[in-house]
1. Under the convention of a label 7 Å out along Cα→Cβ, give the distances in nm from B:Arg7 to the same position in every other copy, shortest first.
2. If a helix is a whole DSSP H run, which ones in chain A reach 18 Å or further along their own axis (Cα) and hold a mean Kyte-Doolittle hydropathy of at least 0.0?
3. B:Asp126 label points, 7 Å along Cα→Cβ, one per copy: pairwise distances from this copy to the rest in nm, shortest first?
4. Go through the stretch B:73-86 residue by residue and turn each phi into a ³J(HN,Hα) via Karplus (6.51, -1.76, 1.60, θ = phi - 60°); whole Hz please, and just put x for glycine and proline.
5. For chains A and B, what's the summed buried accessible area, probe 1.4 Å, to the nearest 100 square angstrom?
6. Select the chain B residue whose beta carbon lies nearest to the rotation axis carrying chain B onto chain A, and write the distance in whole Å.
7. What is the protein assembly as shown by shape, rounded, prolate or oblate, if you read a ≥ b ≥ c off the alpha carbon gyration tensor as root eigenvalues and call it rounded for a/c under 1.5, prolate for a/b larger than b/c, and oblate otherwise?
8. Taking a 1.4 Å probe, which of B:Thr5, B:Thr151 shows the most accessible area, and what order do the others take after it?
There are 2 protein chains.
Amino acid sequence: MTDITFRRAQASDLPDIVAMLADDPLGAGREDASLPLAQGYIDAFNAIDADPNQLLVVAVDGGEVIGTLQISFLAGLSRKGAWRGQIEAVRVAGHRRSGGVGRLMIEWAIDACRARGCSLVQLTTDKGRADAHRFYGNLGFTGSHLGYKKTL
Amino acid sequence: MTDITFRRAQASDLPDIVAMLADDPLGAGREDASLPLAQGYIDAFNAIDADPNQLLVVAVDGGEVIGTLQISFLAGLSRKGAWRGQIEAVRVAGHRRSGGVGRLMIEWAIDACRARGCSLVQLTTDKGRADAHRFYGNLGFTGSHLGYKKTL
């Protein structure tokens with residue numbers, strides 16, 4: 001566990017990241033990890049990488065990408081102009097799940113948000129992800145909100 | 001109702017916007033609308049205004065600011081690289097509530113997200129805002145997620 005490091009994702013990590021997004025009960029129906037990757041993934045990576053308020057991260061162990069998440073640093077007027085760090089698209093590689101990697105990743109993300117001056121970290125998870133609710137509760141998050149989505 | 005227009009917020013709108021954020025059961029304990037405004041609000045406005053992926057909006061009727069919301073346009077890999085529009089800090093001036101202004105604002109925001117190429121619009125509301133849950137359900141949103149927050 002102590003050899004896990006975190007770094008900004010590079011374009012060469014994209015196949016590994018998309019494979020993790022797809023290897024998930026909900027992601028399986030929404031993603032397409034076949035190679036070459038769909039252009040949408042490449043365009044999205046470039047947009048994230050060019051935006052100083054977006055940070056796509058990979059967790060690496062011995063050169064192998066074993067996890068990913070994205071942080072959006074959001075300026076807002078609420079709470080006296082507090083910056084928020086929003087965590088999205090958290091995934092751990094299948095063979096490394098339930099081994100504490102997710103906890104390390106979220107703790108790293110919280111530290112990154114603090115370092116950027118955020119006074120709040122927020123995220124949403126699908127109501128069906130019971131394990132995730134327990135996980136975030138254990139990490140000190142409060143499930144105080146309902147998350148609404150509308151597809152266009 | 002037909003005279004309501006929407007535009008990007010200007011620095012001169014800031015006192016009106018903060019007053020609306022504070023005039024709210026939850027905002028009352030978190031905001032400070034006293035003048036001159038706390039520097040945090042001004043810094044946050046400048047950060048929002050400088051970020052091409054943030055849009056702070058006011059609804060105006062006859063020159064009077066009667067509503068506000070913020071849209072964050074978020075690039076992400078999930079859903080084959082879909083852009084998301086995230087709506088935050090939705091408020092309608094006290095004397096104009098329950099008159100359809102909120103619906104116009106959200107419909108305007110959804111159109112703005114569509115125009116920016118988003119394929120998903122998302123938002124969270126505090127679990128305690130029962131009226132808001134009915135409101136967003138009526139506008140075609142699905143409350144599929146739980147929203148977690150952690151203060152730093």
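1. Label point to label point, same position, other copies: 4.9 nm.
2. Result, helices passing both filters: A:101-115.
3. 2.9
4. In residue order, the calculated couplings are 8, 10, 6, x, 7, 4, 6, 6, x, 6, 6, 10, x, 10 Hz.
5. Rounded to the nearest hundred, the buried surface is 5700 Å².
6. Checking which Cβ lies nearest the axis yields B:Gly147, 2.
7. Here the protein assembly as shown falls in the prolate category.
8. Order by accessible area, largest first: B:Thr151, B:Thr5.
The values are calculated or read from the model by the stated rules, or taken from the named source; none is laboratory data. Everything numeric here is computed off the predicted structure, so don't read it as measured data. Virtual Cβ from ideal backbone geometry, glycine too; neighbours counted across all protein chains shown. The area values use the complete protein model at the heavy-atom level, side chains included, leaving out ligands, DNA and RNA. Shrake-Rupley method; radii C 1.70, N 1.55, O 1.52, S 1.80 Å.
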